[in-house]
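The values are calculated or read from the model by the stated rules, or taken from the named source; none is laboratory data. Because the structure is predicted, anything quoted here is derived from the model rather than measured. Counting neighbours? That spans all protein chains shown, and the Cβs are built from the backbone with ideal geometry, glycine included. What goes into the accessible areas is simple: the full protein's heavy atoms, side chains included, and nothing from ligands, DNA or RNA. Shrake-Rupley method; radii C 1.70, N 1.55, O 1.52, S 1.80 Å.
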Amino acid sequence: MSQLQSYIERNHLKPGDKLPSERELSEQLQVGRSSIREAFRAMELLGLIETRRGEGTFMRAYRPYHMVELLSNFLLNESRTREELVTAKQMLEKEVLTLLVGKLSDDQLKEVDRICTEHEGKERHQLLFHYLFEQCDQHLLLSMWQFISGFTNTVHTIEYESAWYRSVQSVLESGDRVDVLSIF
């Protein structure tokens, strides 16, 4: 599977792009067709590719919530797991705030304010933290946060008051990392 991932990266394949056939990939990567077939199955299960009968195999946009659907039955049976998910989500949110405290430009702070004032509930939270993870260029942390957030949203309704978001904005502007801990 790693050779196939390297192939995808090397060729800058994006959602909608068609992958070569199993036979062609087998020849190009010098691996057996059964290995390519297994990699395709795994990638299809993860929602990374889709196979269309008679057309071929195509790249798909990564959907972290697809994984949520697959794994939720296993993970959400224990109440301890549920609490650990909330803790992990908050740890990632604290980390992104700590990374960005005092580092956002005026334009970035205006965007944070726009998100916080124009949106409400889960949408506000999702948009805000997605934006913050992107601003600190932490794509792995963003993926982890989206994944965990998807699980948490299926079992918990965690909503913060508008005052909490004002505190987040204040901390981001102030430059004091210690204050990050106080808002959680």
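Mind checking whether some residue in region 36-56 is surrounded by 16 or more Cβ atoms within 10 Å (Cβ to Cβ), small (G, A, S), in contact with a helix residue (DSSP H, G or I) (Cβ under 7 Å, 6 or more places away or on another chain) and modelled with pLDDT under 80?
Checked against the condition, which is being surrounded by 16 or more Cβ atoms within 10 Å (Cβ to Cβ), small (G, A, S), in contact with a helix residue (DSSP H, G or I) (Cβ under 7 Å, 6 or more places away or on another chain) and modelled with pLDDT under 80, region 36-56 yields at least one hit.
Determine which single condition C116 fails, assuming it passes every other condition in (1) in contact with a Ser or Thr (Cβ under 9 Å, 6 or more places away or on another chain); (2) open to solvent by 50 Å² or more (accessible area, probe 1.4 Å); (3) not aromatic (F, W, Y).
Here C116 meets the rest and fails (2).
Among the residues of region 89-103, is there at least one that is modelled with pLDDT of 85 or more, open to solvent by 70 Å² or more (accessible area, probe 1.4 Å), among the aliphatic types (A, V, I, L, M) and assigned to a helix (DSSP H, G or I)?
Keep residues of region 89-103 that are modelled with pLDDT of 85 or more, which gives 89-103.
From what is left, the residues that are open to solvent by 70 Å² or more (accessible area, probe 1.4 Å) are 91, 95, 103.
Narrowing further to those that are among the aliphatic types (A, V, I, L, M): 91.
Next, from what is left, pick out any that are assigned to a helix (DSSP H, G or I): 91.
Looking through region 89-103, at least one residue is modelled with pLDDT of 85 or more, open to solvent by 70 Å² or more (accessible area, probe 1.4 Å), among the aliphatic types (A, V, I, L, M) and assigned to a helix (DSSP H, G or I).
Which condition breaks for H66 when tested against (1) open to solvent by 70 Å² or more (accessible area, probe 1.4 Å); (2) part of a helix (DSSP H, G or I); (3) modelled with pLDDT under 95?
(1)
If I filter region 166-173 for residues that are surrounded by fewer than 17 Cβ atoms within 10 Å (Cβ to Cβ), of a type in the set (A, V, I, L, M, F, W, C) and over 10 Å from the mean Cα position of the chain (by Cα), do I get at least one hit?
Within region 166-173 (the criterion being surrounded by fewer than 17 Cβ atoms within 10 Å (Cβ to Cβ), of a type in the set (A, V, I, L, M, F, W, C) and over 10 Å from the mean Cα position of the chain (by Cα)), the answer is no, since none of the residues qualifies.
Could you please find all residues in region 133-156 being closer than 19 Å to C116 by Cβ and open to solvent by 50 Å² or more (accessible area, probe 1.4 Å)?
Across region 133-156, the qualifying residues are E134, Q135.
If you check A61 against the conditions, is it in contact (Cβ under 8 Å) with a residue 24 or more places away in the chain and closer than 30 Å to T152 by Cβ? First the steps, then the outcome.
Details: in contact (Cβ under 8 Å) with a residue 24 or more places away in the chain: yes; closer than 30 Å to T152 by Cβ: yes.
Answer is yes for this residue.
I need the full set of residues from region 141-181 which are at pLDDT below 90, out of contact with any Ser or Thr (no Cβ under 8 Å at 6 or more places or on another chain), of a type in the set (S, T, Y) and part of a helix (DSSP H, G or I), in order please.
S143, S149, T152, S174
How many residues are touching a strand residue (DSSP E or B) at 6+ places or on another chain (Cβ under 8 Å) and exposed (fewer than 15 other Cβ atoms within 10 Å of the Cβ) when one looks only at region 18-35?
2
For region 1-57, which fully contained helices (runs of 4 or more DSSP H) count at least 1 residues that are closer than 21 Å to S143 by Cβ?
Values: elements: 2-10, 22-29, 33-45.
Correct list: 2-10, 33-45.
Could you figure out which of (1) surrounded by 13 or more Cβ atoms within 10 Å (Cβ to Cβ); (2) in contact (Cβ under 8 Å) with a residue 40 or more places away in the chain; (3) within 23 Å of E84 (Cα to Cα) isn't true of H130?
Of the numbered conditions (1) surrounded by 13 or more Cβ atoms within 10 Å (Cβ to Cβ); (2) in contact (Cβ under 8 Å) with a residue 40 or more places away in the chain; (3) within 23 Å of E84 (Cα to Cα), the odd one out for H130 is (2).
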